[in-house]
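The numbers here are math on the coordinates, done by the rules we state, and not lab data. Note that the coordinates shown come from a computational prediction; the quantities given were computed from them, not determined experimentally. Here the Cβ positions follow ideal geometry from the backbone for every residue, glycine too, while neighbour counts run over all protein chains shown.
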Amino acid sequence: MNKVNYDGKKGLSGKTIGLAVAVVVVLAAVVAIVSSGGNDSVSTDTTVSGPTTTGADGAVAPAESQPVQYDGNLPMFESDVNDMAVGQDAPALQMYGFNGQRFTLDPGVDGKPMMLVFLAHWCPHCNAEIPVLNEWQKQGLVPEDLNVIGITTGTRTDQPNYPPSKWIQDMEWSWAALPDSEKNEAAYAYGVTGFPTFVVIGGDGLVKYRGSGEKSLEEVDAAVKKALALT
């Protein structure tokens, strides 16, 4: 597990800056986000846009970090044993896709569980874990009503696999993905202290489980199902 160094109240910094929400959108290509109906935990607003960049050819390119607003924060993660965050309200997040489209992530609003997976492009443990999670999905083991989203955080231009918008696509991440802010405020709101970090949230909007580090398919499956009382 790569550790996180915090610098200030709302930011993370340093070489080891450390997902999962209802999905009405699927991040498809480097900048494309495709929306579908049927879920209220993530709402979109096409009238408000975050930053993007425009190349010399006029093509819109992803912004690898986007503004984030949050309505509270969880205790810093120490261990999944007696985690103080379990039972607390999961913070709502206002975020933007790589293409600048605004998303409001509101845990519990539709009564469905979700899982956030916080990932860093340069983290070897994240690069090892994504194929495990993809296989979890491929084998049909993901609970049917669980919404999963990845949050790319700790972004650094001087580290491997930059930019994260291309990295997450190259890794064939199975779900939607949204970028964190330059200050890694989404990670701060969820008390992330290392990568990868998993946060399982119940349909009631309460945190049911947090875990960090590489996990086997069996460990992920057991932790999620235990958290959601499916075992």
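Computed quantities for the displayed model
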{"item": "Local electrostatic count, residue 93, Cβ distance below 12 Å [Lys/Arg +1, Asp/Glu -1]", "result": "-3"}
{"item": "Local electrostatic count at residue 146 - Lys and Arg +1, Asp and Glu -1, tallied over other residues with Cβ under 12 Å", "result": "0"}
{"item": "For region 182-224 and region 72-93, distance of Cα centres in Å", "result": "9 Å"}
{"item": "Long pairs among 166/226; 183/225; 183/226; 166/215, criterion Cα-Cα beyond 26 Å", "result": "166/226; 183/225; 183/226"}
{"item": "Value of D in µm² per second that Stokes-Einstein yields for region 61-148, Kirkwood Rh from Cα pairs, at 10 °C (1.306 mPa s)", "result": "102 µm²/s"}
{"item": "Simple spin-label estimate for residue 128 and residue 84 in nanometres, 7 Å along Cα-Cβ", "result": "3.0 nm"}
{"item": "Burial ranking of peptide ranges 155-161, 184-190, 93-99 (average Cβ count within 10 Å, highest at the top)", "result": "184-190, 93-99, 155-161"}
{"item": "Rg/Rh for region 102-211, where both radii come from Cα atoms and Rh is the Kirkwood radius", "result": "0.95"}
{"item": "Sparsely packed GluC sites (Glu not before Pro) within region 105-168, loop by DSSP, other Cβ within 10 Å at most 12", "result": "144"}
{"item": "Cα-Cα separations in region 149-231 greater than 18 Å, expressed as whole percent", "result": "51 percent"}
{"item": "Relative packing of 115-121, 208-214, 197-203, 67-73, which averages over residues the other C-beta atoms within 10 Å, highest first", "result": "115-121, 197-203, 208-214, 67-73"}
{"item": "For region 73-126, with +1 on Lys and Arg beta carbons and -1 on Asp and Glu, the positive-most of 97, 82, 117 along the dipole", "result": "97"}
{"item": "Residue-count net charge about residue 167 - beta-carbon cut-off 14 Å; Lys, Arg +1, Asp, Glu -1", "result": "-3"}
